[in-house]
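Single-structure report; data block below.
The values are calculated or read from the model by the stated rules, or taken from the named source; none is laboratory data. The structure displayed is predicted, hence computed values, not measured ones. Positions of Cβ are backbone-derived with ideal geometry, glycine not excepted, and every protein chain shown enters the neighbour counts. Side chains included, ligands, DNA and RNA excluded: accessible areas come from the protein's heavy atoms. Shrake-Rupley method; radii C 1.70, N 1.55, O 1.52, S 1.80 Å.
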Amino acid sequence: MTVQTLGNAVLILLLIGWVGYKQLVWRPVVVARMWRGPAILAIIGAVLLVQQVKPTELTALDLAIVVGEILLSLGVGAWMGAIAHFRPLAQPMATGKDGRDIAEYESRTGVLGLLLWVGVIVVRVGVDVVAAQAGSHLAAATGIILLVFAANRAARTAVFAARLDRHRALAA
């Protein structure tokens, strides 16, 4: 087992725990803050990808696998945003370190959201194994893992934000 493989395994376990926990508990909703996680993951993933992969080493298989993974991750993320449950807070709540962000609703996706998240991980690990056996080295790159997770979280946030806007319009 290489250090990169071990690092990827630890990263995946941390992401499973962090996102899994967030699926099961009611959390105050501030859409602007929800975009930060995917943005940070995408930036770190892109930086790592540039450091780890030389463009001359990319194959059509690498690109096909990555595009397929990202599309699947976007689809599951949108599904997670579509199944989210909302409930209004009794009183608007200041969130964040500075307290400037105000949450009026809280949300969770529940057990189905957790199952979808675990499904993304299982597919991700399966694709990594199959891709490595087929000769793809890009799928195992830590940068790709972070980009796939960023895509999932971004799609979830986009659908979530649109639903919350409609929810607010109906409540008004």
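Observations on the structure shown:
- Under 14 Å, Cβ to Cβ, from TRP79 - net charge with Lys/Arg +1 and Asp/Glu -1: +3
- Of the solvent-accessible surface of the chain, computed with a 1.4 Å probe over protein heavy atoms with every protein chain present, carbon and sulfur atoms account for 69 percent.
- On Cα atoms only, tilt of 110-134 relative to the major axis of the chain in degrees: 10 degrees
- Peptides ranked, highest mean first, by Cβ atoms within 10 Å: ranges 127-134, 87-94, 106-113: 106-113, 127-134, 87-94
- Anisotropy class of the stretch 58-104 from Cα gyration tensor, a/c 1.5 cut: oblate
- Once the Cα atoms are used to define both axes, helix 36-52 deviates from the longest principal axis of the chain by about 10 degrees.
- Using a probe of 1.4 angstrom and keeping all protein chains present, the accessible surface of the stretch 1-73 works out to 64 square angstrom per residue.
- Solvent-accessible area per residue, Å², over the stretch 76-172 with all protein chains present [probe radius 1.4 Å]: 49 Å²
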